[in-house]
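A.B. asks: Sharing a structure below in structure tokens format, with a few things to ask.
The values are calculated or read from the model by the stated rules, or taken from the named source; none is laboratory data. Note that the coordinates shown come from a computational prediction; the quantities given were computed from them, not determined experimentally. Positions of Cβ are backbone-derived with ideal geometry, glycine not excepted, and every protein chain shown enters the neighbour counts.
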Amino acid sequence: MIDANSIKLNDLAIGQYLLQADLSYNKLWSSDSGRNMAGANTGTLIGIFPKIKLTFRKMIGTEIALVMAELNKSSITVTYYDLETKASDTMSCYAGDIEVPIRRLNSYDSFTASVIANTKRT
């Protein structure tokens, strides 16, 4: 079930810092994929690589330090609620580039960060 603690970065529950989370199931197709001369789609699905776009609320310095410490690791274990399996799942991820608007000392505006699966979903 999705609740405030459904999404974790390593062991840090981030629900209290989130405004929104968007889950996408990105498909990776092999190089033989595409449409043939008859217009039919053909190819081999290599796998589905989930991606979660996280939209964080405004934060103060101590809060953002906790979140950034997890997002800036080379590998992040992400726990999330999978809509297809209707169960909590974990995946090894990396975070994309992050840009944090700084408006005044110790106050950070809302920002987004994406965590992307390192391997295909099983």
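A.B. asks: For the range 55-122, which strands (runs of 3 or more DSSP E) that fit wholly inside it have 2 or more residues that are aliphatic (A, V, I, L, M) and in contact with a Ser or Thr (Cβ under 8 Å, 6 or more places away or on another chain)?
C.D. replies: Here the list reads 76-82, 87-95.
A.B. asks: Scan the range 1-41 residue by residue and report those that are on the phi < 0 side of the Ramachandran plot, part of a strand (DSSP E or B) and touching a Gly at 6+ places or on another chain (Cβ under 7 Å).
C.D. replies: LEU28, TRP29
A.B. asks: So how many residues does the range 27-79 have that are over 25 Å from ASN10 (Cα atoms) and either touching a Cys at 6+ places or on another chain (Cβ under 7 Å) or basic (Lys, Arg) (or both)?
C.D. replies: 1
A.B. asks: Return yes when ASN5 is touching a helix residue (DSSP H, G or I) at 6+ places or on another chain (Cβ under 6 Å) and free of Cβ contacts under 8 Å to residues at least 12 places away in the same chain and no when it is not.
C.D. replies: Yes: the conditions hold for ASN5.
A.B. asks: Separate question: When you look at ILE76, is it surrounded by 15 or more Cβ atoms within 10 Å (Cβ to Cβ), over 23 Å from ASP3 (Cβ atoms) and either at pLDDT 95 or above or in contact with a helix residue (DSSP H, G or I) (Cβ under 7 Å, 6 or more places away or on another chain) (or both), yes or no?
C.D. replies: No.
A.B. asks: If you don't mind, there's one more thing I want to ask. Do any residues in the range 86-108 that are at positive phi have Cβ atoms under 9 Å from those of residues that are loosely packed, with under 11 Cβ neighbours inside 10 Å and of a type in the set (Ser, Thr, Tyr), where the two are at least six apart or on different chains, and which pairs are they?
C.D. replies: Partner pairs satisfying both residue conditions: ASN106/THR62.
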